[in-house]
1. Beta carbons within 10 angstrom, averaged per residue: use that to sort the peptides 258-270, 43-55, highest first.
2. Would you mind getting me the FRET efficiency between residue 91 and residue 180? Use the beta-carbon distance for r and R0 = 35 Å, nearest 0.05.
3. Expected output is a single nm value to one decimal: the length gained when fully extending between residue 130 and residue 200, i.e. 0.36 nm times separation in residues minus the C-alpha distance. What is it?
4. Order these peptides, 108-117, 198-207, by their mean beta-carbon neighbour count within 10 angstrom, highest first.
5. How much of the DSSP beta bridge set in the chain is antiparallel, as a percent to the nearest 5?
6. What does the highest-first list of 215-221, 166-172 look like by mean Cβ count within 10 Å?
7. So what's the back-of-envelope 222 nm ellipticity for the chain, counting only DSSP H runs of four-plus at -39500 (n - 2.57) apiece and dividing by all residues, rounded to 500?
8. Given R₀ = 35 Å, what would the calculated FRET efficiency be for residue 140 paired with residue 242, taking r from the Cβ atoms and rounding to 0.05?
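Every read-out reported here was derived from the displayed coordinates using simple, explicitly stated rules and does not represent laboratory data. Because the structure is a prediction, the values reported are computed rather than measured. Cβ placement follows ideal geometry from the backbone for every residue including glycine, while neighbour counts extend to all protein chains displayed.
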């Protein structure tokens, strides 16, 4: 793809992403590709869904990300007895002033960690829908905007199903990316033991990017050029998921837009002011996999949503420069 001169210089985005990745790397050993996807979510102002087994470092990654940003951070431990008002906040009667006052909940922060989100009841899970899509919360009859930037990082344990409530499709569709960390290699696990031998490096982590700078970087990413053939490539992939025989529910138009925005951010992270087809192929699975619902017979054949996406990518013609 030919480079477009009219688009802005995105070197600031590349430098900031590198600083953030290196800073998070003081806590998280390895996993650079996962951290790159976290940067894509931050720069796209999209929400992040981390699913992996216990003890891998899901919560640590979320905390390290928040600690690297000069933003407000709140953690919500999702449990079956958590109420929507515990998340959004409540109006209470102040006896001193004889007036009702609003006590904001933890959702009123720039970075919100929804830890083990599938342990809350559907009623509590649904209170996040408005905030995730519209960046606002409604308490009683009052609607309040959330601070910007705003990012929800949700974690989930896929192994333990007792006492959990599966996330509805409407909520999964609001997450920009789904990532996992995976087990460390032998060398990485040894490095983890050495790094945490005396103290937790998270305690000494300092911000390297402020909230105002992150907002400016997000605006720069939205100006990254996407050529028409690449845009059509994104649409063709999402359309193919809706007509695939093994899929019951394909990717939504929101998924197409999410992939589009994520590709702009990835291109900027890599120092390009234009998107190439490889960006689309790199992000298609983490952006789309959690949005697809496969048919029962597909699961019985042992075929996964990720496998279907790989098949779709292999069969979709890649645009080339004329």
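1. Working: 258-270: 25.5, 43-55: 19.9.
Packing proxy ranking, top to bottom: 258-270, 43-55.
2. Details: r = 39 Å, r/R0 = 1.12.
For R0 = 35 Å, the calculated efficiency reads 0.35.
3. Separation in residues times 0.36 nm, less the Cα-Cα distance, equals 21.7 nm.
4. Working: 108-117: 22.7, 198-207: 11.8.
Per-residue mean Cβ counts within 10 Å order the peptides as 108-117, 198-207.
5. Working: 12 of 32 bridges.
Close to 40 percent.
6. Values: 215-221: 18.1, 166-172: 15.4.
Sorting 215-221, 166-172 by mean packing, highest first, produces 215-221, 166-172.
7. Working: 13 runs with 141 residues, N = 322.
About -13000 deg cm²/dmol.
8. On the way: r = 39 Å, r/R0 = 1.12.
The value I calculate is 0.35.
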